[in-house]
Amino acid sequence: MPFRFLLVLLLAAAPAHAASAHFAPRELFRVPFGKDGRTLGTRIEKGQFLIPRDFTMDSAGHFYIYDSNNHRIVRYSSEGVYQMNIEYPETAKQVFAHADALENLWILISDPRRGLYYGVYDTHGKALREGLFSQFNQYRLHVDDDAVLHIIVSSDKNPDKVQTYLFDQDSLLMKKENIARPPEEHHRVRHSGREFYIDPVPSAAQDDASRIQQITDAERRPVASIPGQVVYVTGEGDVYTRVGERDIRVYDVDGSLKGKVTLTGLAAACAAIRFDSAGNIFELDGIPDKANQYTSTMPGMRLIFWERR
């Protein structure tokens with residue numbers, strides 16, 4: 001069974017929603033900065049205050065925060081209680097982590113010297129499977145319309161050598177795919193038993209606020225145009241687009257606007273949001289200091305839940 005990505009373009013069944021969508025934020029938990037293993041690390045480099053910026057989560061409510069300053073992935077409960085961590089080499093250039101349906105954690109690391117490493121770990125942090133692809137040293141990720149995650153690997157030493165893999169949950173292997181490279185900006189949306197397609201308009205500008213998406217029906221007849229970059233599609237066919245650094249819009253496949261949310265906090269936090277099947281948004285943000293500023297005196301990170309109502 002191929003690994004199915006749960007958070008970016010999840011097309012599994014989701015509960016029905018009302019015609020409009022409203023989002024109400026609330027804080028789930030906080031994690032302080034510090035040197036204790038249960039806290040998160042920070043550092044100052046070239047005048048920049050570097051803090052954790054990315055995270056993922058599983059269906060059981062665990063949150064995995066990329067503690068990049070300590071070179072590890074840390075798991076917290078839904079209440080912010082530390083549970084475990086998995087370390088990775090300091091030389092890692094790219095790091096990706098996500099949990100499968102069995103709550104096993106997959107970690108993918110690119111290392112300029114060693115190559116491409118993947119490991120699968122159980123809920124206690126024990127390694128179940130590991131592999132190394134020494135001929136590749138970089139990757140990018142693509143989630144198709146069936147929520148299957150594809151890993152497109154390559155090497156800066158041999159740019160013509162490109163291969164696509166997927167995570168196979170049953171065998172715990174990173175399996176080679178003998179298929180054409182999946183289209184990365186084309187989306188298929190199912191709504192009320194019908195299929196629709198979403199594609200970027202080629203002549204539109206490349207920044208999120210100016211991009212335009214064309215919606216067509218199964219016969220490729222134009223239905224509507226919507227602004228922004230597609231970032232998420234629910235099982236009910238609602239389309240989420242990013243139209244600005246902090247601005248998310250929700251559209252029906254007929255092009256009608258159903259809702260919008262303006263995220264708060266750090267720009268990096270807004271860029272790394274995650275979604276669940278109900279269309280709720282999760283954001284890992286810094287905790288402002290006493291002067292309500294995001295400076296080196298901020299005490300830690302907070303997980304914000306934007307509930308769709």
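No value in this document is a laboratory result; all are computed from the given coordinates. Not measured: the values here are computed from a predicted model. Virtual Cβ from ideal backbone geometry, glycine too; neighbours counted across all protein chains shown.
Subtracting the Cα-Cα distance of ARG26 and ARG309 from 0.36 nm times their residue separation leaves 100.6 nm of extension gain.
The mean sequence distance of close C-alpha pairs (under 8 Å, at least 6 residues apart), as a share of the length of the chain, puts its relative contact order at 19 percent.
Rounded, prolate or oblate: which fits the range 73-208, taking a ≥ b ≥ c as square roots of the Cα gyration tensor eigenvalues, rounded meaning a/c under 1.5, else prolate when a/b beats b/c? Oblate shape, in that a/c is at least 1.5 and b/c is the bigger or equal ratio.
Structure remark: mean-square fluctuation, Gaussian network model of the chain, C-alpha springs under 10 Å; the largest value among LYS175, LYS260, LYS46 belongs to LYS46.
Computed from backbone phi, the HN-Hα couplings of the range 224-233 come to 6, 10, 10, x, x, 10, 5, 10, 6, 9 Hz, rounded to whole numbers (Karplus: 6.51 cos²θ - 1.76 cosθ + 1.60, θ = phi - 60°; Gly and Pro given as x). In this Cβ point-charge picture (+1 for Lys and Arg, -1 for Asp and Glu), the chain has a dipole of about 560 debye about its Cα centre. The translational diffusion coefficient of the range 154-215, from Stokes-Einstein at 20 °C and 1.002 mPa s with a Kirkwood hydrodynamic radius over alpha carbon pairs, comes to 141 µm²/s. Among 60-72, 180-192, sorting by the average number of other beta carbon atoms lying within 10 angstrom of each residue, highest first, gives 60-72, 180-192. List the residues, sorted by chain then number, that are 5 or more residues from HIS150 or on another chain and whose placed amide H is less than 5 Å from its amide H. Excluding prolines and chain starts, which carry no amide H, the hits are HIS142, VAL143, ASP144. Comparing ASP208, ASP160, ASP144 in a Gaussian network model of the chain where C-alpha atoms under 10 Å apart are linked, the largest mean-square fluctuation is found at ASP160.
Taking amide H as placed 1.01 Å from N in the peptide plane, the amide H of GLY228 sits under 5 Å from that of ARG211, ILE212, GLN213, each at least 5 places away or on another chain. Residues whose amide H falls under 5 Å from that of LEU173, counting only those 5 or more places apart or on a different chain, are ASP168, with hydrogens built in the peptide plane. Computed from the C-beta positions of GLN48 and ARG221, the FRET efficiency with R₀ = 41 Å rounds to 0.25.
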